[in-house]
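Undergrad: Mind looking over this structure? Questions follow.
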Amino acid sequence: MYELSEKYIADQKTQIDGAREEKAIEIAKSLLKVQSMSIKDVANHTGLTIQKVKELAEEGR
């Protein structure tokens, strides 16, 4: 039973982490539309990697 509880908690954490990343991506896309923000600044404010923000910037072009 303890193992099931640990698995449940791990699954919940994975879902929460995924939701956080999705929200960070949404925010990054919004920030990239404000052209005065650099990729580095967007990465710093969202917690995403610079590479991920660069990819999002390319998608938005």
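Undergrad: Which is at pLDDT 85 or above, of a type in the set (A, V, I, L, M) and in contact with a helix residue (DSSP H, G or I) (Cβ under 6 Å, 6 or more places away or on another chain), of Ala43, Ala19? It would help to see each step written out before you state the result.
TA: On the way: Ala19 fails: in contact with a helix residue (DSSP H, G or I) (Cβ under 6 Å, 6 or more places away or on another chain).
After ruling out the rest, the residue left standing is Ala43.
Undergrad: Now for a different question. Mind checking which pairs have a first residue in segment 34-60 that is part of a helix (DSSP H, G or I) and a second that is surrounded by 14 or more Cβ atoms within 10 Å (Cβ to Cβ) and of a type in the set (Gly, Ala, Ser), Cβ under 7 Å, 6 or more apart or different chains?
TA: Ile39/Ala57; Val42/Ala28; Thr46/Ala24; Thr46/Ala28; Ile50/Ala43; Val53/Ala28; Val53/Ala43; Leu56/Ala28
Undergrad: What about Glu3, is it over 13 Å from the mean Cα position of the chain (by Cα) and assigned to a helix (DSSP H, G or I)? Let's see the steps before the verdict.
TA: Values: over 13 Å from the mean Cα position of the chain (by Cα): yes; assigned to a helix (DSSP H, G or I): yes.
The answer is yes for Glu3.
The values are calculated or read from the model by the stated rules, or taken from the named source; none is laboratory data. It should be emphasised that the depicted structure is a prediction, and the values quoted were computed from it without experimental measurement. For neighbour counting, all protein chains shown are included, and Cβ atoms are generated from backbone atoms with ideal geometry for every residue, glycine included.
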